[in-house]
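These notes are about the structure you will find just below.
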Number of protein chains: 2
Amino acid sequence: MVNEKIEQALKILKEKDVDMWLTFTRETASTPDPTLELILGTHVVWPSAFILTRSGRKTAIVGSLDAQNIRDHADYEVIGYVDSVKEPLLEILEKEDPKRIALNFSTNDTMADGMTHGMYLILEEYLKGTGYENRLESSEALVAALRGRKSPAEIERIRKAIMETLRIFDEVTQFVKTGHSEQDVQAYIRERMEERGLTAAWDPEQCPAVFTGPESAGAHAGPTKRKIEPGHIMNVDFGVRVEGYVSDLQRTWYFLRPGEAEAPQAVQKGFQTIRDAIRAAAGALKPGVPGWEVDHVARQYILDAGYGEYPHALGHQVGRMAHDGSGLLCPKWDRYKNLPYSKVEAGQVFTLEPRLTVEGHGVATIEEIAVVTETGCEFLSDTQESLILIG
Amino acid sequence: MVNEKIEQALKILKEKDVDMWLTFTRETASTPDPTLELILGTHVVWPSAFILTRSGRKTAIVGSLDAQNIRDHADYEVIGYVDSVKEPLLEILEKEDPKRIALNFSTNDTMADGMTHGMYLILEEYLKGTGYENRLESSEALVAALRGRKSPAEIERIRKAIMETLRIFDEVTQFVKTGHSEQDVQAYIRERMEERGLTAAWDPEQCPAVFTGPESAGAHAGPTKRKIEPGHIMNVDFGVRVEGYVSDLQRTWYFLRPGEAEAPQAVQKGFQTIRDAIRAAAGALKPGVPGWEVDHVARQYILDAGYGEYPHALGHQVGRMAHDGSGLLCPKWDRYKNLPYSKVEAGQVFTLEPRLTVEGHGVATIEEIAVVTETGCEFLSDTQESLILIG
């Protein structure tokens, strides 16, 4: 998989007309660069430079103790040093004389922003007076293409992670009842994961995240001792990692009150609004459309139905990480930088996850996953079409 | 533990005469700041500012969806935002008007270099024209003190991780014989870890690392199919994580050839040289001594005995990470930046791990762990005093 992505990176360099892609990093166990997962698949300890060029060069300059491990993991020409990465790096720069050097930093995209500021200062010092310091630019367009355009093999792994997740959601439906706490549901899901040797797609404290009732936390929070009561909406945000690739899905349950045969109108309307907002957004998701337009379709749908707008993006990419960076389906808010303007491409895999609050009951939210095709998109997840009723 | 470290951080601000400690970060699941393990203990998604001041202020400005999770983990005044971290951050800067602002970047110390370059550019843009952009400095001295000075509770956790590791080394001695491959030894250790629910102290591909014979890889490499033969030196580099703290130890075994009752003189001399170099270095390890001096003692001892010098530092700190950053016992090489000059402090926990090659047999190396006391140091590990003989 790593060598396949390296070859893809070389093609992207040509397409984007960039001469050199330099990933400059160190101690990646504690300060990882997300791109190294794609183009290396292991860690380095000492300051290291991974160099890919338009001319097809693949060179890794690494500490001598790291050299063998790099050779074992990926198809680089490996240069091991003892004293400093500087001299071999300058030598290659002089030899290749790149006009455009894409470096591993980005204000916009976390996945392209793996270089620490300290490493930037070190590189700046190395390059002072060489002229190359003026040829540096962000590698965000390269990273977005490399990370975003999934190969069929990558999509297959995501699909497997989705299937495992949906299976556990079905088991939750069999298990859950009023009186259980959010933590009980979490514990049940953890047992199913352990049985199957599955690991969480993100921080295990919040994966699964479980929210029940009108008082539940917004999102990004761990399950509490809060108990599920009749009349509650419960939702679970959960994903697993399979062969290095993850899922990220949400489902919504409703707990019937005595005498109820279905959810109250308000809960049904809330759920259906979310479901249909996702349908509408999926209709707009296709190559060439800027991310904010897809977000806008769902956001406006929910506003038109009389609800407040969700305080986050409609969807993010999924891949090796649950938040796989680059293009985002998000509003034009400051914190999203230039991401709303990035155009959707075929091969990208997105979540669609609007939310709204149903007063007195809880939060209605569904999260589906879709892959962008040449002409539109296809859901990778079996979509949730109706509330799951318990009780 | 987190709130204890936050209080320690407030004291260090006073000691170092710094007004504000700003940790500026985002998406810490993919680009973590190592300091957040100490002062937060969970992840954030949106751009976030963790602010500690000399006046005792503890404020976290985080995305609204992250707010509850932060409240659940640490004792901060939490400000949740929807649009941008900028306004609340500027408001606090204006109110506190800090003269010295320590920021989470460092050219010298990875553990203090958690801010990405993209995040630095964003902050620079926020601060442009406020005057605060000229008051920024590296937080490396603060991080070194906070991470380095372990509390008794932290040392106790490291000690537990050491005990588990030494126990597994003893089991390896019972298990291992010629004909086993490096990967067989790795598999055996993994089984013992799994039995006890222990996780690896670093990248599981290389933890344990196993090296046998004269052709073995240098270090930082995963075990191979290479088989242990009579006359081989084998060493294992291994550590486990217990309650968030790790060990990092190495031991050396020798495999007797037919007719041998002990290791050949050359192997014995190599082993004893390493053992005694560690003893000599431990004698020099005490508060106030710059790290390079301690390294120099062991390095010179090995050179004087007629061996080549080891191509790495004598020792690094151990704590939440196997490479716990800040002060290092290392030579004055470019790649170590200013770390050789950093002075040893009481409460720091160091490895001591010189190595040398015994031609035709393999690499002799021991790694012990010692805590610095007010007057010297104490080993936390039972030291290896003689070669472990097998066969």
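The values are calculated or read from the model by the stated rules, or taken from the named source; none is laboratory data. Since we're looking at a predicted model, the values are computed, not measured. Note that we place each Cβ from the backbone using ideal geometry, even for glycine, and neighbour counts take in every protein chain shown. Just so you know, the surface numbers come from the protein's heavy atoms only, side chains and all, with ligands and any DNA or RNA stripped out. Shrake-Rupley method; radii C 1.70, N 1.55, O 1.52, S 1.80 Å.
Rounded to the nearest 20 Debye, what is the dipole magnitude of chain B about its Cα centre when Lys and Arg each give +1 and Asp and Glu each give -1 at the C-beta?
Approximately 380 debye in magnitude.
Residues with beta-carbon under 15 Å from that of B:Ala305, excluding B:Ala305: net charge, scoring Lys, Arg +1 and Asp, Glu -1?
Here the count lands on +1.
Calculate the mean, over all residues of peptide A:30-42, of how many other protein chain Cβ atoms lie within 10 angstrom of the residue's Cβ.
Numbers: counts 15, 11, 3, 3, 4, 0, 0, 1, 0, 0, 0, 1, 6.
Mean inter-chain Cβ contacts per residue within 10 Å come to 3.
Can you give the FRET efficiency for B:Asn338 and A:Glu385, using 1/(1 + (r/R0)^6), R0 = 56 Å, r = Cβ-Cβ distance, to the nearest 0.05? Present the calculation step by step, with values, prior to reporting the outcome.
Numbers: r = 61 Å, r/R0 = 1.09.
E between B:Asn338 and A:Glu385, to the nearest 0.05, is 0.35.
Might you work out the accessible area of A:Arg135 for me, using a 1.4 Å probe with all protein chains in place, and round it to the nearest 10 Å²?
The accessible area of A:Arg135 comes to roughly 70 Å².
Per the helix-only calculation at 222 nm, which mean residue ellipticity applies to chain B, given -39500 (n - 2.57) for every DSSP H run of n ≥ 4 and division by its residues, nearest 500 deg cm²/dmol? Don't jump to the answer; show the numbers that get you there.
Details: 10 runs with 131 residues, N = 391.
Theoretical 222 nm ellipticity from helices: -10500 deg cm²/dmol.
Take peptides B:188-197, A:232-241 and line them up by average Cβ neighbours within 10 Å, highest first, as a rough protection proxy. Walk me through the numbers on the way to the answer.
Details: B:188-197: 14.6, A:232-241: 25.0.
My ranking of the peptides, most packed first, is A:232-241, B:188-197.
Under a point spin-label approximation (7 Å from Cα along Cα-to-Cβ), what is the B:Lys14-B:Val82 distance to one decimal in nm?
That separation, rounded to one decimal, is 4.1 nm.
Using only Cα atoms, find the angle between the long axis of helix B:117-127 and the longest principal axis of chain B, and express it within 0 to 90 degrees, rounded to the nearest 10.
The answer is roughly 20 degrees.
May I ask you to derive the FRET efficiency for A:Glu359 and B:Thr130 from their Cβ-Cβ distance with R0 = 45 Å, giving the value to the nearest 0.05? It would help to have the intermediate numbers written out before the result.
Details: r = 42 Å, r/R0 = 0.93.
According to the calculation, E is roughly 0.60.
Among A:118-126, B:304-312, A:337-345, how do they line up by average Cβ neighbours within 10 Å per residue, starting with the highest? Write down the numbers at each step before the final one.
Working: A:118-126: 20.7, B:304-312: 16.2, A:337-345: 18.6.
The packing order, highest mean first, is A:118-126, A:337-345, B:304-312.
Please say if the protein assembly as shown is rounded, prolate or oblate, where rounded means a/c under 1.5 for a ≥ b ≥ c the square roots of the C-alpha gyration tensor eigenvalues, and otherwise the choice is prolate for a/b larger than b/c and oblate otherwise? Could you put the intermediate results ahead of the total?
Working: a/c = 1.67, a/b = 1.56, b/c = 1.07.
Here the protein assembly as shown falls in the prolate category.
Calculated FRET efficiency, B:Thr173 and B:Thr373, Cβ-Cβ r, R0 25 Å, to nearest 0.05? Walk me through the numbers before you get to the answer.
Details: r = 31 Å, r/R0 = 1.23.
For R0 = 25 Å, the calculated efficiency reads 0.25.
Could you name the lysines whose alpha carbon sits less than 17 Å from that of B:Lys177, not counting residues in the same chain fewer than 8 places away?
Here the lysines satisfying the reach criterion relative to B:Lys177 are B:Lys225, B:Lys227.
Please calculate how many Å² of accessible area the protein assembly as shown carries per residue, with a 1.4 Å probe and no DNA, RNA or ligand atoms counted. Walk me through the numbers before you get to the answer.
Working: 28360 Å² over 782 residues.
In whole numbers, the protein assembly as shown has 36 Å² accessible per residue.
Please give the solvent-accessible surface of A:Arg147 in Å², to the nearest 10, using a probe radius of 1.4 Å with every protein chain present.
Near enough 10 Å² of accessible area.
Using a 1.4 Å probe on protein heavy atoms only, how many Å² of accessible area do A and B hide from each other, summed over both chains and rounded to 100?
Numbers: alone 16510 and 16500 Å², together 28360 Å².
Answer for the A-B pair: about 4600 Å² buried.
Using a cut-off of 14 Å between beta-carbons, work out the net charge of the residues near A:Val372 (Lys and Arg +1, Asp and Glu -1, A:Val372 not included). Display every interim value, and only then the final one.
Numbers: positive: A:Arg147, A:Arg149, A:Lys150, A:Lys286, A:Lys343; negative: A:Glu154, A:Glu293, A:Asp324, A:Glu345, A:Glu368, A:Glu374, A:Glu378.
That sum, taken over residues with Cβ under 14 Å, equals -2.
Once the other residues with Cβ under 10 Å from the Cβ of A:Gly231 are scored (Lys, Arg +1; Asp, Glu -1), what is the net sum?
Working: positive: A:Arg257; negative: A:Glu229, A:Glu260.
For residues surrounding A:Gly231, the net value is -1.
When a/c is below 1.5 the answer is rounded, else prolate if a/b is larger than b/c, else oblate, so apply that to segment B:2-147 with a ≥ b ≥ c taken from the square roots of the Cα gyration tensor eigenvalues.
On the way: a/c = 1.21, a/b = 1.04, b/c = 1.16.
Note, shape of segment B:2-147 comes out rounded.
For B:Lys14, go 7 angstrom from Cα along the Cα-to-Cβ vector, then report the distances to that same point in the other copies in nm, smallest first.
Here B:Lys14 shows inter-copy label distances of 6.5 nm.
When Rg is the radius of gyration of the Cα atoms in chain B and Rh is its Kirkwood radius, what does Rg/Rh come to? Numbers along the way, then the final one.
Values: Rg = 23.2 Å, Rh = 22.4 Å.
That ratio is 1.03, to two decimals.
Give me the angle, in degrees from 0 to 90, between the Cα long axis of helix A:265-284 and the longest principal axis of the Cα atoms of chain A, rounded to the nearest 10.
Result, in degrees: 30.
Any idea what angle helix B:182-195 forms with the longest principal axis of chain B, computed on alpha-carbon atoms, 0 to 90 degrees, nearest 10?
Here the helix axis deviates by roughly 60 degrees.
A 26 angstrom limit on the alpha carbon distance is what I want to check against. Which of A:Lys5/A:Lys99; B:Lys11/B:Lys343; A:Lys14/B:Lys337; A:Lys95/A:Lys343; B:Lys95/B:Lys337 exceed it?
Details: A:Lys5/A:Lys99 24 Å; B:Lys11/B:Lys343 19 Å; A:Lys14/B:Lys337 36 Å; A:Lys95/A:Lys343 35 Å; B:Lys95/B:Lys337 36 Å.
Too far apart for the 26 Å limit: A:Lys14/B:Lys337; A:Lys95/A:Lys343; B:Lys95/B:Lys337.
Can you pull the mean other chain C-beta count within 10 Å for peptide A:102-110?
4
Expressed as a whole number of Å, what is the distance separating the alpha-carbon centroids of segment A:243-261 and segment B:15-90?
That distance is 31 Å.
Order these peptides, A:4-14, B:32-42, by their mean beta-carbon neighbour count within 10 angstrom, highest first.
Values: A:4-14: 16.5, B:32-42: 22.7.
Sorting A:4-14, B:32-42 by mean packing, highest first, produces B:32-42, A:4-14.
According to a simple spin-label model (label point 7 Å from Cα along Cα-to-Cβ), what is the distance in nm between B:Ser151 and B:Arg257?
That separation, rounded to one decimal, is 5.5 nm.
What is segment B:272-391 by shape, rounded, prolate or oblate, if you read a ≥ b ≥ c off the alpha carbon gyration tensor as root eigenvalues and call it rounded for a/c under 1.5, prolate for a/b larger than b/c, and oblate otherwise? Write out the running numbers ahead of the final one.
Details: a/c = 1.80, a/b = 1.39, b/c = 1.30.
It is prolate, given that a/c is not under 1.5 and a/b is the larger ratio.
Based on alpha-carbon centroids, what's the gap between segment B:303-353 and segment A:262-330 in Å, whole number please?
Between the Cα centres of segment B:303-353 and segment A:262-330 lies a distance of 52 Å.
Just to make sure I understand: if all protein chains stay in place, what is the order of A:Met321, A:Met163 by accessible area at 1.4 Å, largest first?
On the way: A:Met321 30, A:Met163 125 Å².
These residues rank, largest area first, as A:Met163, A:Met321.
In whole percent, and with a 1.4 Å probe on the protein chains, what portion of the accessible area of the protein assembly as shown is carbon and sulfur?
Values: 13780 of 28360 Å².
Roughly 49 percent, rounded to a whole number.
Hey, got the average number of other protein chain Cβ atoms within 10 angstrom for residues in B:83-93? Could you put the intermediate results ahead of the total?
Numbers: counts 6, 4, 2, 2, 1, 0, 0, 0, 0, 0, 0.
Across B:83-93, the average partner-chain Cβ count within 10 Å equals 1.
Using a Gaussian network for chain A with springs between C-alpha atoms less than 10 Å apart, which of these wobbles most: A:Ala49, A:Ala29, A:Ala322?
A:Ala29
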